[in-house]
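Okay, so here's the structure we're looking at.
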Amino acid sequence: MKARQTRLWILLVMCSLSMMVSADSLINLQPERLPDMNIPRYSHSTFIINGELTVVGGHTSGFVPTKTAEYFKDGKWHEMQMAYTHDDGLCVPLRSGKVLLAGGYEKNLGVGQTIEAELYDPATHTFEGFGCLDRRRTHASAVELPNGQVVAAGNWYHDDAIETYDGGMYFETARQVSVPRSFPRLLCISDSDVMVVSSYWDNYGKVIENTIVDRLKGEPFRVPLFETWKPYVLGQTPCSDDSFIGDKEKGIFAYLIAVRDSAGQVAIAEVRDTVFSLLPTTEPVPMKSQFGEIHYESPVVVDRQAQRGYVIGSDSLGRKYILCVEYDKRPAPLTLYYTDPLPDAAGGIPVLTAEGNLILAGGIAHGGTYFTPTSAVWLFPVGQPVGLAAADTGNESKGHWIWILFAVLIVLALIAYILYIRWKMRAHRFGKSSSNELTEPVPVSPANQLMQRIETLMEEQRLYLNSDLKMGDVASQLGVHQNEVSACINNNKGCSFSQFVNGYRVVHAQQLLHDHPEKKMSHVALESGFANDTSFYRVFKTITGLTPSEWLANH
């Protein structure tokens, strides 16, 4: 026993040192100041189309909506006139090559909502008004589905609903929402369906407490993750394609969302189809640097080619921070870039260049207000291998932080050891073997790697709690054919997919029965992923040899 504990401590210390190296990836970034825009603006939309950085709408100095847009070409900004103003309006780059713009504030100072819609043609740099929304909107979001339909939702100081646009003159209301939202996230989950996910506020600035997600098709559903982790407020309209990490050609719809708990800790949530879970990372998202607290303020912007996600933050001194998440790895490594104070650099939603760099254009600079937006444009050169982007890695200021970090990691190691002992005691209580010894790692075959991925998916995302779970759902999340999943489980576990899943459900039911013996058996069945009581009793006795009541009496 003592030898095993000694080896465990060695393993924990090695893990702690590994985490310390990862946390040491604090890189001083040297951003590039690009030419200023012609007009300072905020609550505008920014995108890159036809290779041109483009900004449209928003409001300028004095909190006055501007009917202008600009594109950057040949080292300078070129001003354009729009058909309407769109201050905090919605913006959707379409597969046709044009950009849909609609809604926004009606008057100065962010008052009222507008209904006008127009299309921007980057080939001719012209805007054409063509129709209107079904209702006046601002603080709205929209997305184009693979079938070409545009879906919009969200509002501010006005009613909310889901509406659609099919290419004519008008939008049409498709269905009501269970809760109105400001700046919602619209996540496409099939060729013809989309989820409407709350940001932080409802349409009157009240914090949204519920955990309900609406859908264009199908019934609203509850997200258990949102009981603890909630998407935080965004000051501008998010674009779901910016956070997409799936493969639409294969029918895999997946996204990254930045979330925050009640204590203010930020984490990254992964959304696959309708399953929301925390992305495992090598360490918690850093909330402080040697200069002070970090306030994250952007959604996750994904570089799919490099398989990295970025979240931008700032501190009270005007420094910018860029959190890099290598989401293709499990757990995902984190790297934190930071800049020197940039008084003219604003917050907001960055855009990703073809080279993998990030650009912030306009917005409210450090110490500014809605009445004094900036025209500054900054490029952050993160599009190169992690660890090589820094001219100065800031080692001179990190020595004392390394020791603090080391002390924290030792505490975490102690907590991990205590949790390990508790797990072993619980494993023994439920009849599991507690005699496993730590052994030297052995080579893992591709088949075993897939099995490990299947088990990790089941354990981390608890897919077995879905009574309608199908083998195709697991295969889609893993990016493999369902026949591979079936063969892998059969060869490694000697059972069918349903038997494999039911094993997890029975263990979950045992835990519920142990922790909550007062629960009704029907509730235990449903909460464990069984479709009905009959299948629950049958499967439970097949696996354990006892009925649920008999098992509870003996434990």
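Within 10 Å, count the other beta carbons around each residue, average over each peptide in 513-520, 281-288, and list them highest first. Show your work: numbers first, answer last.
On the way: 513-520: 11.8, 281-288: 16.2.
Ranking the peptides 513-520, 281-288 by packing returns 281-288, 513-520.
With a 10 Å radius around each residue's Cβ, average the other Cβ atoms per peptide and rank 163-169, 451-457, highest first.
451-457, 163-169
Spin-label point model (7 Å from Cα, Cβ direction): what's the H514 to A487 distance in nm?
With each label point 7 Å from Cα toward Cβ, the separation is 3.7 nm.
I need the semi-axes of the equivalent ellipsoid of segment 226-324: take the C-alpha gyration tensor, multiply each eigenvalue by 5, square-root it, list largest first in whole angstrom.
Working: eigenvalues 116, 45, 30 Å².
Taking √(5λ) for each eigenvalue gives 24, 15, 12 Å, largest first.
Expressed in nm to one decimal, what extension gain is obtained for the pair R33 and V507 from 0.36 nm per residue of sequence separation less their Cα-Cα distance?
Going from the current span to full extension adds 164.9 nm.
Going by a ≥ b ≥ c, the root eigenvalues of the Cα gyration tensor, does segment 145-224 fall in the rounded group (a/c under 1.5), the prolate group (a/b larger than b/c) or the oblate group?
On the way: a/c = 2.29, a/b = 1.37, b/c = 1.67.
In terms of gyration-tensor shape, oblate.
Over the Cα atoms of segment 443-521, compute the convex hull volume and normalise it per residue, giving Å³.
Roughly 105 Å³ of hull volume per residue.
Bin all alpha-carbon pair distances of segment 150-304 at 5 Å intervals from 0 and give each bin's fraction as a whole percent.
2, 9, 17, 22, 21, 15, 8, 4, 2, 1, 0
Cα atoms only: what Rg and Dmax, in Å, come out for segment 493-555?
10.9, 35
Which entries in the list K329/K541; K73/K250; K76/K320 go over 27 Å, if you measure between the two C-alpha atoms of each?
Over 27 Å apart, Cα to Cα: K329/K541; K73/K250.
Out of all Cα-Cα pairs in segment 121-180, roughly what percent, to the nearest whole number, are more than 20 Å apart? Can you show the working numbers first?
Working: 551 of 1770 pairs.
Above the 20 Å cut-off, segment 121-180 has 31 percent of its Cα pairs.
Determine the per residue accessible area of segment 44-170 with all protein chains present and a 1.4 angstrom probe, expressed in square angstrom.
Numbers: 4730 Å² over 127 residues.
That works out to 37 Å² per residue.
Quick one: pull the percent of accessible area on segment 448-502 belonging to carbon and sulfur, 1.4 Å probe, ligands and nucleic acids left out.
Values: 1090 of 2890 Å².
About 38 percent, which is the carbon plus sulfur part of the accessible surface.
Can you tell me the relative contact order of segment 231-323? Whole percent, Cα pairs under 8 Å, sequence separation 6 or more.
Reported relative contact order: 22 percent.
When the accessible area of segment 273-340 is computed with all protein chains present and a 1.4 Å probe, what percentage of it is carbon and sulfur?
Exposed carbon and sulfur together represent 47 percent of the surface.
Taking the Cβ-Cβ separation of A553 and E249 as r and a Förster radius of 51 Å, what is the calculated FRET efficiency to the nearest 0.05? Don't jump to the answer; show the numbers that get you there.
Numbers: r = 54 Å, r/R0 = 1.05.
My answer for the efficiency is 0.45.
The values are calculated or read from the model by the stated rules, or taken from the named source; none is laboratory data. For clarity, every value in this text was computed on a predicted model and none was experimentally measured. Quick reminder, even Gly has a Cβ in these numbers, built from the backbone with ideal geometry, and neighbours come from all protein chains shown. To get the accessible areas, we keep the full protein, side chains included, count just its heavy atoms, and leave off ligands, DNA and RNA. Shrake-Rupley method; radii C 1.70, N 1.55, O 1.52, S 1.80 Å.
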